[in-house]
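Asks: My structure is below; once you've seen it, I'll send some questions.
The values are calculated or read from the model by the stated rules, or taken from the named source; none is laboratory data. As the structure is a prediction and not an experimental result, all values here were calculated from the model. Quick reminder, even Gly has a Cβ in these numbers, built from the backbone with ideal geometry, and neighbours come from all protein chains shown. Protein only, heavy atoms only, side chains kept; ligands, DNA and RNA dropped before computing areas. Shrake-Rupley method; radii C 1.70, N 1.55, O 1.52, S 1.80 Å.
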Amino acid sequence: MTDSAAGGGSVPASLATRTMPPVAAGPLLDYDGRLGRLYWLFIKNLLLSMVTFGVYRFWGRTNIRRYVWSHTRFMGDAFEYTGKGSELFAGFLIVFGFFFVVSTLAQIFIVAVGFDSPLVPYFDVVFALAIGYFAFVAQYAAQRYRLTRTVWRGLRGSMSGSAWIYGFYAFLLALLSGATLTLAWPWARSRLIERRLGSSYFGDEKVSVAFSSRTLYPSYVIGLIVFAIGLGIAGWLGFVALQQADFFNRVMDLFSSNTDPEAPGDTDAMVAIIGLIIAVYVLAMLIVALLYTLSFAWFQAATAQTVAAHSRFQDLRFSSSATGGNMAMLAIGNFLLIVLTAGLAIPIVIQRSIRYVVRHLHVSGILDVERLQQAALAKPKTGEGLLEAFDPGMF
Amino acid sequence: MSDPRDRFNDGLSAASRPANATLAASRLEIRDDGGRLLAHWALDEVCVIDENEANGSMVFALGDVEGPRLVLYPSPEREAILAARPELRRWRRRRGLLESRTVLIWSLAMLAIVAAGYFGWRPLAGSLATLVPPIWEQRLGEAMHESMIEQMRVCENTAGLNALRNLAERIAPPSLDEPPFTVDVVRIGMPNAIALPGNHILVFEGLIDESEGPEMLAGVLAHEIAHLDLDHPTRRIVEQLGLGALVTIAFGGSNVGDAGFALAMLAYSREAETEADARAIELLEEAGLRSDGLGRFFRKIGEDMPDSELPDWLSTHPELAPPAAAPPGTAEGDAGLAKVDWAALRGICGKKTGRE
């Protein structure tokens, strides 16, 4: 193991280290997790969650993270995930309790003012906005939790700043983005990434990141146009296909007064058509998601490249070889894996995604390990409750 | 000889130092290559954090948070440490056991909460329902009533409606005066009627068709009025959905006006139906009406339809299982409607169409 590193990993030993013998060249960042182990953890999580009223899934998720962390190495040393299932569970209980109390109070308030009161629509809007705000707060808080639970060579990460303030900032930028028909989004998103990444510490060292969103605009605008055209074509094709299948007339029949819910034949027809409506809806959502993923893959790749190129950690530099093509392959592959297996391929998706990051994120330069000291910022006691409420998935 | 790759991180900086770890009594001494002491750990406090399957190295620490780390590859020295504390080899199983214990405790706690909710909720809902302010109940009932009336065809023959309302007026106890109760007839073929919170009753056309005489209709009407008098609809809604959802409905959830939904939601327990039957007989007798209509109606429906075809709402009726157990009531008192009024009520929905 070497205490120093350069692009490609080989550095004159005299320059880099006085303490440990140099080790063979290789990428600084490495992952050697095995799919079989991930599957075992995943199946165990699935089965135990069922028999424990869902309680186990917080521990299951922790176990998967612990496995992934401990098989990801930097400069030859594995990361450790020190989070606990009980922390995730406590966070979940707190947020769940909070939401329960707030929504009950909200509903009592609405009954008290009267459900036909002019205040009610405003109230609904405020509630929806609050959800949006909390989603951003959760994003920041979850990153802090994971950083403080990540240990490498005995040092842990941390994050400065307030999640609540970040929530306001992100919320305003999101509103602005909406007001500009999302044209401000590449800029806004860049500011948010800067803010999250630029508040992130490992040990006592902060990530420094600053970049302009100008280079992201071509891929974003093209993505928007492709997405719009794709939606138009898909919508038109879908419409024609449904009309061929007499879908619309059958749906209209459902609402017409000729249908008698008590006649057995009519009931069967109603069940069939309702099933068809659900199927068409699900299919449409899947097509939209696929189109979206494909259209913006180049924008995502450009963002990854720009962020990597403009980030520094001490004397380490980063670059990304993500391209629209490989990003699209990853995303569409993951998407199809999940959809076609109804989620049973999640371990494969985890494995592919981490491998993708490790393969396409290149770290170079020399980390002055003597200068990198233990974190001083406090760590939160409970984890990710809010993010849990917005369901970030399995991992 | 210890392995040359053995190393120590002091938990203060990211620098790794070559290290030799040796046992000295109950302590683990960690020295650098020059023999200088880097750290000494109490052996009982040492734990294993990780084990690398590929190269066999183990990471030791003083707890599973950030702090000093000792990485040891297989060697006689490491064997000596593991021999002194054999449970260190079983670190994965120990962590698994600890995890299972915590998960088990919390799962039992969840089970207790779910069980408390399941068994304790009905009595709790009953007392919560009494706390619902009348104005909320009224609003909720109005919302359900309005949207049902809007979505269904209402029968509006004046003479028939007047006859029905007079009959209901005769049966209704004073508790139904505030808010004033309403009775409407909707064009649904099912032989049924439904009582909504806020003193609203909807009689289905099918009930009038199936009734062989006014006393049968009066019996079912009294049964629905009894539900209202006993505050069953509000109690049932609180029970079914919790206070929160009571409100969601009040806001016009999309399926409020759906009769099937309302019927399913207002499907009472056997106890509640029995209570309503008993109260119905009382109400009929107090009004000086024949009280044998309700039982006869249920028996008729039970005979008309084989068990499998009974609508869900009827299946919880105690009268149907066994069918003979219906409250008999007495034939004393009048039938409730004069012949001409009964005729008007029979024709309340106008000329029959097609199927019916």
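Asks: Quick check: net charge around B:Asp334, other residues with Cβ under 14 Å of its Cβ, Lys/Arg +1 and Asp/Glu -1?
Replies: Numbers: positive: B:Arg170, B:Arg290, B:Lys339; negative: B:Glu215, B:Glu285, B:Glu286, B:Asp292, B:Glu332, B:Asp341.
Once all neighbours under 14 Å are counted, the net charge is -3.
Asks: So for the stretch A:115-162, what percent of the C-alpha to C-alpha distances run longer than 12 Å? Provide the component values of the computation, followed by the final result.
Replies: Numbers: 792 of 1128 pairs.
Result: 70 percent of Cα pairs exceed 12 Å.
Asks: Right, another one. At a probe radius of 1.4 Å, what is the per-residue accessible area of A:Ser353, in Å² to the nearest 10?
Replies: That residue has around 40 Å² of solvent-accessible surface.
Asks: Could you compute how much accessible surface B:His200 exposes when probed at 1.4 Å, giving the result in Å² to the nearest 10?
Replies: Accessible surface of B:His200 is approximately 10 Å².
Asks: Let me ask another. Residues of B:91-98, mean number of Cβ from any other protein chain within 10 Å of their own Cβ, rounded to a whole number?
Replies: On the way: counts 0, 0, 0, 0, 2, 2, 0, 1.
Average neighbour count from other chains, rounded to a whole number: 1.
Asks: Add +1 for every Lys or Arg and -1 for every Asp or Glu among the other residues with Cβ under 12 Å from the Cβ of B:Trp106, and state the total.
Replies: Details: positive: A:Arg57, B:Arg101; negative: B:Glu99.
Neighbour charge sum, excluding B:Trp106 itself: +1.
Asks: Work out the mean other chain Cβ neighbour count within 10 Å for the residues of A:156-162 and drop it here as an integer. Display every interim value, and only then the final one.
Replies: Values: counts 4, 1, 1, 0, 0, 0, 0.
Across A:156-162, the average partner-chain Cβ count within 10 Å equals 1.
Asks: Which translational diffusion coefficient, to the nearest whole µm²/s, is obtained for the stretch B:128-167 from the Stokes-Einstein equation, given a Kirkwood hydrodynamic radius over C-alpha pairs, 4 °C and 1.567 mPa s? Mind dumping the intermediate values first?
Replies: Values: Rh = 12.4 Å.
For these conditions, the coefficient is 105 µm²/s.
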